[in-house]
Amino acid sequence: MTKKTYLRRLAGEAQKIFAGRSIEQYAAICYRRLPGQKDVEILLITSRESGRWVIPKGWPMDKKLPHQVAEREAWEEAGVKGKARKKSFGRYTYLKSLDTGETVPSIVQVHLLEVSGLDDRFPERRQRQLQWFSPNEAAARVREPELKSLLRMVETALAQDK
C-alpha cells in the first residue's frame, strides 16, 4: 500500500474548498535581518499537537484586521514583538484537524512581520519551541507545499523593497 503524500491528501479535499466548506486563518512569517548583514532569518515554531514546524497563525478576531491578527498570533505563540505588513504576502492551504475528528481545508492569508524583539513571557511559551532558520532551511522544515514556496520568496521580496 502506498502512503498518501500530503499534497495528495490536500488534493482529495479540494471539493470542500469549491463547495465553500473551508476555513480562513491569518498568519505571520516572522523575519529578522542579521546585524550588519543582508541575510534574513525566519522564525518557525512547533505546533502544539504534533510538534511539526509551522508559522504563527490563528482565527479571525472581531474588530481586528488580518495583519493585526497575524501580529497578535505571533506574540501569543512566539513572544514576537514587531510590525506586520498590511498587504498580504500570499496564501497557503493546509488541512486543519478539528476537535470533531473532521479534516477541513484552511486557507491561510500570510503577512510578513519584521521582528523587533522577543518577549520572554508570552501565553504559549511552555507549549512550543522556537528556532531561527534561513529561508531555504525554513522551507525544508515545513510540510505545506505552498508555504514552502512563500518562505523561499521572502529574501527576494525584501530585497525588492529597497
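As a test, work out the antiparallel percent of DSSP beta bridges whose residues both lie in the chain, rounded to the nearest 5. Just about 75 percent of them are antiparallel. Placing unit charges on the Cβ atoms only, positive for Lys and Arg and negative for Asp and Glu, gives the stretch 21-160 a dipole magnitude near 240 debye about its Cα centre.
The chain: D in µm²/s via Stokes-Einstein (Kirkwood Rh, Cα pairs, 37 °C, 0.692 mPa s)? Here the translational diffusion coefficient equals 201 µm²/s.
The helix-only estimate of mean residue ellipticity at 222 nm for the chain, built from DSSP H runs of length n ≥ 4 each weighted as -39500 (n - 2.57), is -8500 deg cm²/dmol after division by the residue total. Were the residues from Glu24 through Ala157 laid out at 0.36 nm apart, the gain over their Cα-Cα distance would be 45.5 nm.
Compare Val115, Val104, Val69 in a GNM of the chain, Cα atoms joined below 10 Å, and give the one with the largest fluctuation. Among Val115, Val104, Val69, the largest mean-square fluctuation in the Gaussian network model of the chain belongs to Val104.
In terms of its C-alpha gyration tensor, the stretch 85-154 has an oblate overall shape, because the principal axis ratio a/c (a ≥ b ≥ c, square roots of the eigenvalues) is not below 1.5 and a/b does not outweigh b/c. Taking label points 7 Å from Cα along the Cα-to-Cβ direction, Lys81 and Leu34 give a separation of 2.4 nm.
Projected label points at Ser97 and Arg125, each 7 Å from Cα along the beta carbon direction, are separated by 2.9 nanometres.
Read the figures in this text as sums done on the coordinates, not as results from a lab. Because the structure is a prediction, the values reported are computed rather than measured. Every residue, glycine as well, gets a Cβ built from its backbone with ideal geometry; the counts of neighbours run over all protein chains shown.
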